[in-house]
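First the structure, in the form of structure tokens, and then the observations on it.
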Amino acid sequence: MTEPIAFTRAVQVGGELENMQTAMESGHTSSGGPFSTRAAELVEQATGARDALLTTSCTTALELSALLLDLQPGDTVIVPSYTFTSSALAFAREGARILFCDIEPETLGPDPASVAELLDDTVRAVVVVHYAGVAADMDGLRAVLADRPDVAVVEDNAHGLFGRWRDQPLGSLGRFATQSFHDTKNIVCGEGGALVLNDEADDARAWVLYEKGTDRRAFFQGMVDKYSWRDTGSSFALAEVLAGYLTAQLEHAESIQARRKAIYDAYTEGLAPYAGELGFSLPVVPDHCVPAYHLFHLLMPDHETRTRVMAAMKDDGIQTTFHYVPLHSAPAGVRFSARETECPVSTDISRRLLRLPFHNALSDADVERVMASLTAAMRG
Ligand SMILES: Cc1ncc(COP(=O)(O)O)c(C=O)c1O
């Protein structure tokens, strides 16, 4: 019996357990210790950010960004329909209504034409998801937002750490960016995230919101003689124990990314000769983009083929999966949206997109087995 091939798996690279043990033995297991400082520095280097605040997840980083926007009743936020719930949920929780835009069919990021249609005086932010770690159409989005400096770009960069757009890091293209270190991501620590700040104007308030509404950070920096309650906020910080795990992963980012690139390239090169004949499409990577190699997806010719291929590959012991269910038509999407919007590309892509196993525990032989199973399944 051949071994099953999992869709995703968190892989340790060395140093994680030692760092966690060091943190535990140091007596400083809460946030703000030396591993937290080091991990935040590494996130800043990777994104070119002014500052990175480590959080318990990308979801809480998005919530922190929503607090920073100071949303008022009547405000709206444009969010692509084809994304994870958190990209919309964080802003809906702060009372904003959501305007769901469609995605464009190549990068699967927000479609500038759809954003342009929705942009009105109520819009305070646009959430940009770089799907699979390939940059969204930033030229198009910037052109649409050129006359609206009041509209913040929030990069939901859960997939995009180490990806690049026109030689700039993903995570550096908006007012804020949010990262995920959930165990399905390239760099993991169980559950974790970061809010990346790119605008000096946000520095001081971000730390107050992050520190449960207090100026505790200013106190520890010797800037005030006691700290007190100043603003809204919550407990967003990642514990030092998990920051130790994260530091080890970030310090090995080069080898993690190199292996992911090798698997991505093997899939691309191995499958390209069959795409035309079998009717599927490979991911599109525009010339000016370097992917973050977060996931590997194909577009099947139709929904029925995807269902059939997934079942056949499962019989071969290979776990594949689809991805997001469009938010604009989900029950909570309808409840939290400002009004009904049309997102036909999101609906179509969600029925045809198939993700192949993609993680650093895959051997070259596993990759070959996945491709052989896929092409056999497609031939039916
Ligand atoms: C685009 C996107 N944003 C946000 C999240 C939420 O990340 P986390 O689990 O770290 O909260 C995910 C989860 O996979 C995601 O795909």
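The values are calculated or read from the model by the stated rules, or taken from the named source; none is laboratory data. Since we're looking at a predicted model, the values are computed, not measured. Here the Cβ positions follow ideal geometry from the backbone for every residue, glycine too, while neighbour counts run over all protein chains shown. Just so you know, the surface numbers come from the protein's heavy atoms only, side chains and all, with ligands and any DNA or RNA stripped out. Shrake-Rupley method; radii C 1.70, N 1.55, O 1.52, S 1.80 Å.
Being in contact with a strand residue (DSSP E or B) (Cβ under 7 Å, 6 or more places away or on another chain) and surrounded by fewer than 19 Cβ atoms within 10 Å (Cβ to Cβ) is the filter here; which residues of segment 194-213 pass it?
Correct list: 203, 212, 213.
For segment 55-76: of the residues being without any contact (Cβ under 8 Å) to a residue 60 or more places away in the chain and aliphatic (A, V, I, L, M), which is nearest to residue 132 (Cα to Cα)?
Ranking the qualifying residues of segment 55-76, first place goes to 66.
Restricting to segment 335-349, count the residues that are open to solvent by less than 90 Å² (accessible area, probe 1.4 Å) and under 14 Å from residue 77 (Cα atoms).
4
Are any residues in segment 42-67 hydrophobic (A, V, I, L, M, F, W, C), open to solvent by 10 Å² or more (accessible area, probe 1.4 Å) and more than 14 Å from the ligand (Cβ to nearest atom), and if so, which ones?
Within segment 42-67, 42, 46, 49, 67 qualify.
Which of the residues belonging to segment 127-146 are crowded, with 24+ Cβ neighbours inside 10 Å, part of a loop (DSSP other than H, G, I, E, B) and either more than 15 Å from the ligand (Cβ to nearest atom) or without any contact (Cβ under 8 Å) to a residue 60 or more places away in the chain (or both)?
Listed by number, the list holds a single entry, 136.
Does at least one position in segment 222-232 carry a residue that is in contact with a Phe, Trp or Tyr (Cβ under 6 Å, 6 or more places away or on another chain) and more than 16 Å from the ligand (Cβ to nearest atom)?
Yes, segment 222-232 has at least one match.
Here is a list of conditions, (1) surrounded by fewer than 19 Cβ atoms within 10 Å (Cβ to Cβ); (2) assigned to a helix (DSSP H, G or I); (3) more than 22 Å from the chain's Cα centre (by Cα); (4) of a type outside the set (S, T, N, Q), and residue 149 meets all of them except one; can you say which number that is?
Failing condition for residue 149: (2).
Restricting attention to segment 101-119, report how many residues are without any contact (Cβ under 8 Å) to a residue 40 or more places away in the chain and more than 16 Å from the ligand (Cβ to nearest atom).
5
Identify all residues within segment 1-25 that are surrounded by 14 or more Cβ atoms within 10 Å (Cβ to Cβ) and small (Gly, Ala, Ser); write none if there are none.
Result: 6, 10, 15, 23.
Residues being touching a helix residue (DSSP H, G or I) at 6+ places or on another chain (Cβ under 7 Å) and part of a loop (DSSP other than H, G, I, E, B): count how many of those fall in segment 284-319.
Residues flagged as touching a helix residue (DSSP H, G or I) at 6+ places or on another chain (Cβ under 7 Å) and part of a loop (DSSP other than H, G, I, E, B) within segment 284-319 amount to 9.
Before we move on, is residue 235 more than 27 Å from residue 292 (Cα to Cα), within 23 Å of the chain's Cα centre (by Cα) and within 16 Å of the ligand (Cβ to nearest atom)?
The answer is yes for residue 235.
Step by step: first the residues of segment 320-334, then only those that are crowded, with 16+ Cβ neighbours inside 10 Å and assigned to a helix (DSSP H, G or I), then the one that is nearest to the ligand (Cβ to nearest atom). Which residue is that?
Of everything passing the filter in segment 320-334, 327 is nearest to the ligand (Cβ to nearest atom).
Starting from segment 180-200, keep only residues that are closer than 11 Å to residue 10 by Cβ, then list their pairs with residues that are acidic (Asp, Glu) and more than 10 Å from the ligand (Cβ to nearest atom) whose Cβ atoms are within a distance under 9 Å, requiring at least 6 positions of separation or different chains.
From residues that are closer than 11 Å to residue 10 by Cβ, the pairs are 189/16.
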